[in-house]
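Here's the structure, in structure tokens; my notes come after.
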Amino acid sequence: MAIQAPATRPANPRFSSGPCTKIPGFSLDMLNDAPLGRSHRAAIGKAKLKEAIDTTREILGVPADYRIGIVPASDTGAVEMAMWSLLGERKATMVAWESFGAGWVTDVVKQLKIEAETKTADYGDIVDFSTIDFNTDVVFTWNGTTSGVRVPNGDAIPADREGLTICDATSAAFAMDLPWDKLDVTTFSWQKVLGGEGGHGVLILSPRAVERLENYTPAWPLPKIFRMTKGGKLNEGIFKGETINTPSMLCVEDYLVSLTWAKSVGGLKGLIDRADANAKVVWDFCAAKSWIANLANDPATASTTSVCVKFTDDRIKDGAAFAKAVAKRLENEGVGLDLGAYRDAPAGLRIWCGSTVETADVEALMPWVEYAFEAEIAAQA
């Protein structure tokens, strides 16, 4: 019997985990106010960058005494700036449960050669935060973009900690509630939850992080794009829009458009609600089917943005090949683009459910996932 394809198709088939789908209704005409061909140091460029910083603070609820800077090289650049500039003053604890967290471990242990304890968990789980010594400097991801698990809250992080917490929040910011009093350094890229363009990172520093910068000098040389101090004092210009190197004013305009949209859907709460609703569609689908499951083992730690699923049917002979074939079939049908699991992650699908995704599109996608699954089971037989 021929397998019947679903009648309804997602209006937007873009489910990439980065760069993520643009805001609903996006068009290039929205960027007409970008000051192209103008210096980012001109008054108009500085004003745009400052607006981006101020609106980020407003929507995310970042405390007034925290600094926010726009930095080079996306979230990766922001994390590297933090680690190279702040670590080494005391022992570090590196926490990893997916590929990007593992990358930060490599930087600290093999490149910077800092004394560090490494705590890891398998894909689908997170490290038990109650076992972490927060009197060390702790580096961790809030949401595992490649593993589909997240820190449920910051309750295990003590207020009286002696070390700094350095949090890669790139697939969490704007879709999850971040406890600013528990985070000393927070990084993200606007190409994730707000669907911005790649290449720019955001770095948020607490007063404790600023104090460390002004009172500690690393033993290693710092490249220009990592330097945040001058003469032992924080370079405040970075946190007022005077970027270290030349930003794309087109990308900045795109971010401003996304921030305006974010306010229109209810700010942070509205953004969180959208991601939660999207993820619930996938969770409920998995709960109703015997052949697919969430990669996250504990529902309390399941990601609401990068939702990772695995195929569990005993008839599958080669898990990796099967998952790739399902993703390819969905792409060929034009209903789900960029759905393959990350190359280092277990075989399966990764469905981006961040705030710019429409819930109706996730609802339309899931029957197609079942269609592709059944088609590949039949092809395998």
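The values are calculated or read from the model by the stated rules, or taken from the named source; none is laboratory data. Treat the numbers as computed from the prediction; the structure is a model and nothing was measured. When we count neighbours, we look across all protein chains shown, and the Cβ atoms used for this are built from the backbone with ideal geometry, even at glycine. Surface accessibility is based on the protein's heavy atoms, side chains included, excluding ligands, DNA and RNA. Shrake-Rupley method; radii C 1.70, N 1.55, O 1.52, S 1.80 Å.
Lys48 falls short on exactly one of the conditions (1) touching a strand residue (DSSP E or B) at 6+ places or on another chain (Cβ under 8 Å); (2) in a helix (DSSP H, G or I); (3) surrounded by 20 or more Cβ atoms within 10 Å (Cβ to Cβ), and that condition is (1). Only residues that are closer than 15 Å to Ile126 by Cβ and assigned to a loop (DSSP other than H, G, I, E, B) were counted across the range 137-191, and they come to 16. When the range 86-121 is filtered for residues that are buried (at least 19 other Cβ atoms within 10 Å of the Cβ) and of a type in the set (S, T, N, Q), only Thr93 remains. Within the range 209-234, restricting attention to residues that are hydroxyl-bearing (Ser, Thr, Tyr) and more than 19 Å from Asn245 (Cα to Cα), the residue that is least open to solvent (accessible area, probe 1.4 Å) is Tyr216.
Check the range 297-304 and report whether any residue there is assigned to a helix (DSSP H, G or I), β-branched (Val, Ile, Thr) and touching a strand residue (DSSP E or B) at 6+ places or on another chain (Cβ under 6 Å). Checked the range 297-304: at least one residue is assigned to a helix (DSSP H, G or I), β-branched (Val, Ile, Thr) and touching a strand residue (DSSP E or B) at 6+ places or on another chain (Cβ under 6 Å).
Scanning the range 183-192 turns up one or more residues that are out of contact with any helix residue (DSSP H, G or I) (no Cβ under 6 Å at 6 or more places or on another chain) and of a type in the set (Lys, Arg).
I want to confirm something. Restricting to the range 309-323 and keeping residues that are in a strand (DSSP E or B) and of a type in the set (A, V, I, L, M, F, W, C), which single residue is least open to solvent (accessible area, probe 1.4 Å)? The extreme case among them is Val309. Of the residues making up the range 20-32, just one is under 22 Å from Thr246 (Cβ atoms) and surrounded by 11 or more Cβ atoms within 10 Å (Cβ to Cβ), namely Leu31. Scanning the range 324-359 for residues that are open to solvent by 40 Å² or more (accessible area, probe 1.4 Å) and aliphatic (A, V, I, L, M) turns up Leu337, Ala347. Suppose the filter is open to solvent by less than 10 Å² (accessible area, probe 1.4 Å) and in contact (Cβ under 8 Å) with a residue 40 or more places away in the chain; does Gly241 pass it? The answer is yes for Gly241. Evaluated against (1) of a type in the set (Gly, Ala, Ser); (2) surrounded by 16 or more Cβ atoms within 10 Å (Cβ to Cβ); (3) not in a loop (DSSP other than H, G, I, E, B), Ser130 falls short on exactly one condition, (2).
Here is a yes/no grid of residues against (1) closer than 24 Å to Leu183 by Cα; (2) touching a Phe, Trp or Tyr at 6+ places or on another chain (Cβ under 6 Å):
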{"residue": "Ala5", "(1), (2)": "no, yes"}
{"residue": "Phe26", "(1), (2)": "no, no"}
{"residue": "Arg38", "(1), (2)": "no, no"}
{"residue": "Ala43", "(1), (2)": "no, no"}
{"residue": "Thr55", "(1), (2)": "yes, no"}
{"residue": "Ala78", "(1), (2)": "yes, no"}
{"residue": "Ala82", "(1), (2)": "yes, no"}
{"residue": "Leu86", "(1), (2)": "yes, no"}
{"residue": "Ala96", "(1), (2)": "yes, no"}
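Checked against the criterion of being touching a Pro at 6+ places or on another chain (Cβ under 9 Å) and part of a helix (DSSP H, G or I), the range 342-359 contains not a single residue that satisfies it. Tell me which residues, restricted to the range 187-206, are closer than 20 Å to Ile238 by Cβ, open to solvent by less than 10 Å² (accessible area, probe 1.4 Å) and not polar (S, T, N, Q). Of everything in the range 187-206, those that are closer than 20 Å to Ile238 by Cβ, open to solvent by less than 10 Å² (accessible area, probe 1.4 Å) and not polar (S, T, N, Q) turn out to be Phe188, Trp190, Gly196, Gly201, Val202, Leu203, Ile204, Leu205. Only one of the numbered conditions (1) touching a Lys or Arg at 6+ places or on another chain (Cβ under 8 Å); (2) open to solvent by 70 Å² or more (accessible area, probe 1.4 Å) is violated by Arg38, and that is (1).
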